[in-house]
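Chemist: Let me begin by handing over the structure; questions about it come next.
Nothing in this text is a laboratory measurement; each read-out follows from the coordinates by a stated rule. Values in this document were obtained by computation on a predicted structure and should not be read as measured data. Methodologically, a virtual Cβ is constructed for each residue, glycine included, from the backbone with ideal geometry; neighbour enumeration extends over all protein chains shown.
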Amino acid sequence: MKGKRDFLGVLDLSRKEFLGLIDAAAKIKKKPQAFAGTLKGKSLLMVFEAPSLRTRLSFESGMTQLGGHAIAYNLGESTVGKKESAEDFARTFSRYCDAAALRLYDHTMLERIAKASSIPVINMMTNAEHPCQILGDFMTIAEKKTLKKIKIAYVGDGDNNVTYSLMLASALLGIDIAVASPKNYQPKNEVVNKGKRVAKGSIHITHNPGEAVKDADVVYTDTWMSYRIPESEKPERVRKFSPYQVNASLMKKAPKALFMHCLPAGRGYEVTDEVIDGKQSMVFDQAENRMHAQKALILWLLGKMKI
Ligand code: CP
Ligand code: NVA
């Protein structure tokens, strides 16, 4: 595909493109039948190294609704790294499919695959980023609030793919973000600096959850036990992260804020039932909006929609 674009990280998009995709996603959500059949005969390859509920279902249903087809392929069954190189894998799938989406741990491997692929490549989550999640999340914020002059607070594991994409998207859109996490679990400086280079809003890194959520429009958290983290680290992580739990007492400091979580949630760990099931919680809207946002993304990457 000539001049193909990939979506490996939030900053692969310009501010205008990011907002354009959110607008397009809102149109698709409002009138899904107007887009039925737009991807007739098109195939999306989905490669999974890590488990998934939302990502797998939202991409697969999204493709079906657009009249296309999604192929789910487990990396464990594949030839990559065993019988052939990442590059040969990419060159091969490019001959069968129209776009490829991958959930791999290693972001460098995803970059190698994207470079060798002649079809658009989408990041379905690596250790570095989860950009499709954040596209759906900002669509959700835009539906409930606005994307102008808001403050997002992230509380919990700072050295985390969702945190990184959230921080970079906030920077791209000129939104203020505060990240509160314990010592040794703060966002890596290289990602904070990458955000600061494009940021029109502020990026504030702290150890204090109360300070982070003060005046926040959104309070976001994610699991303390990401897929990549071995179970053996759980006791230590629970001990370190417990003061960072999003509970009713923390939410009292941000009474007008939306509560957001990418899911899967560790109820009783990073968030209490009363918060995730409470009025401020948007978690299932976020999950739904993944599908609308990804439909917009695929249509745009395949040249079927202008943004
Ligand atoms: N939020 C998200 O990506 O969920 P899954 O791991 O279930 O796909
Ligand atoms: N940070 C989490 C996100 C899951 C969608 C993980 O990497 O497992």
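Chemist: At what distance in angstrom do the alpha carbon centres of region 117-169 and region 21-74 lie from each other?
Modeler: 18 Å
Chemist: Taking the Cα centre of region 38-138 as the origin and placing charges on Cβ (Lys, Arg +1; Asp, Glu -1), which of I113, M124, G41 is farthest toward the positive end of the dipole?
Modeler: In region 38-138, that residue is G41.
Chemist: Compute the length gained on full extension between Y227 and R5: take 0.36 nm times their separation in residues and subtract their Cα-Cα distance, giving the result in nm to one decimal.
Modeler: Working: separation 222, 0.36 × 222 = 79.92 nm, distance 2.77 nm.
Contour length minus the Cα-Cα distance gives 77.1 nm.
Chemist: Using only the alpha-carbon atoms, how far is helix 283-301 inclined from the longest principal axis of the chain? Give it as 0 to 90 degrees, nearest 10.
Modeler: That helix lies at roughly 30 degrees to the long axis.
Chemist: Anything over 29 Å Cα to Cα? Flag those among K83/K295; K16/K144; K16/K295; K29/K252; K151/K304; K16/K279, in the order listed. Before the final figure, lay out each step's value.
Modeler: Details: K83/K295 33 Å; K16/K144 20 Å; K16/K295 18 Å; K29/K252 32 Å; K151/K304 34 Å; K16/K279 32 Å.
In this structure, K83/K295; K29/K252; K151/K304; K16/K279 exceed 29 Å between Cα atoms.
Chemist: In what sequence do K151, K214, K295, K252 fall when counting other Cβ within 10 Å, fewest first? Display every interim value, and only then the final one.
Modeler: Values: K151 22, K214 13, K295 26, K252 9.
In order of increasing Cβ crowding within 10 Å: K252, K214, K151, K295.
Chemist: While we're on this one: Tell me, what is the FRET efficiency for H204 and K306 to the nearest 0.05, using R0 = 41 angstrom and their Cβ-Cβ distance as r? Before the final figure, lay out the partial values.
Modeler: Numbers: r = 36 Å, r/R0 = 0.89.
So, using R0 = 41 Å, E works out to roughly 0.65.
Chemist: Further question on the same structure: What FRET efficiency would be calculated for the residue pair D277, S85, taking the C-beta separation as r and a Förster radius of 41 Å, to the nearest 0.05? Intermediate results must be reported in sequence, preceding the final value.
Modeler: Numbers: r = 47 Å, r/R0 = 1.15.
About 0.30, to the nearest 0.05.
Chemist: Need one number: nm distance between label points at T146 and A248, each 7 Å from Cα along Cα→Cβ, rounded to one decimal.
Modeler: Simple spin-label model gives 3.2 nm for this pair.
Chemist: Also: Using every pair of alpha-carbon atoms in region 158-307, split the distances into 5 Å bins beginning at 0 and state the percent of pairs per bin, rounded to integers.
Modeler: Per 5 Å bin, starting at zero, the Cα-Cα P(r) for region 158-307 comes out as 2, 9, 16, 20, 21, 17, 9, 4, 2, 0 percent.
Chemist: Using just the helices of the chain, give the 222 nm mean residue ellipticity in deg cm²/dmol: DSSP H runs with n ≥ 4 each add -39,500 (n - 2.57), and the total is spread over all residues, rounded to 500.
Modeler: -12000 deg cm²/dmol, from helical runs alone.
Chemist: Rg and Dmax of region 141-222 over Cα atoms: what are they, in angstrom?
Modeler: That works out to 11.4, 35 Å for Rg and Dmax.
Chemist: Once both labels are modelled 7 Å past Cα along the beta-carbon direction, what's the T92-I71 spacing in nm?
Modeler: 1.0 nm
Chemist: If I take all pairs of Cα atoms in region 118-157, what percentage of them are more than 10 Å from each other?
Modeler: On the way: 605 of 780 pairs.
So the pairs more than 10 Å apart make up 78 percent of the total in region 118-157.
Chemist: Give me the one-decimal nm value for the distance between modelled label points at E288 and E236, 7 Å along each residue's Cα-to-Cβ direction.
Modeler: 4.1 nm
Chemist: Here is a further query. For the chain, place one equal point scatterer on every Cα, skip the solvent, and apply the Debye formula. What is log10 of I(q)/I(0) at q = 0.10, 0.12, 0.16 Å⁻¹?
Modeler: Taking Cα atoms of the chain as identical point scatterers yields -0.53, -0.77, -1.33.
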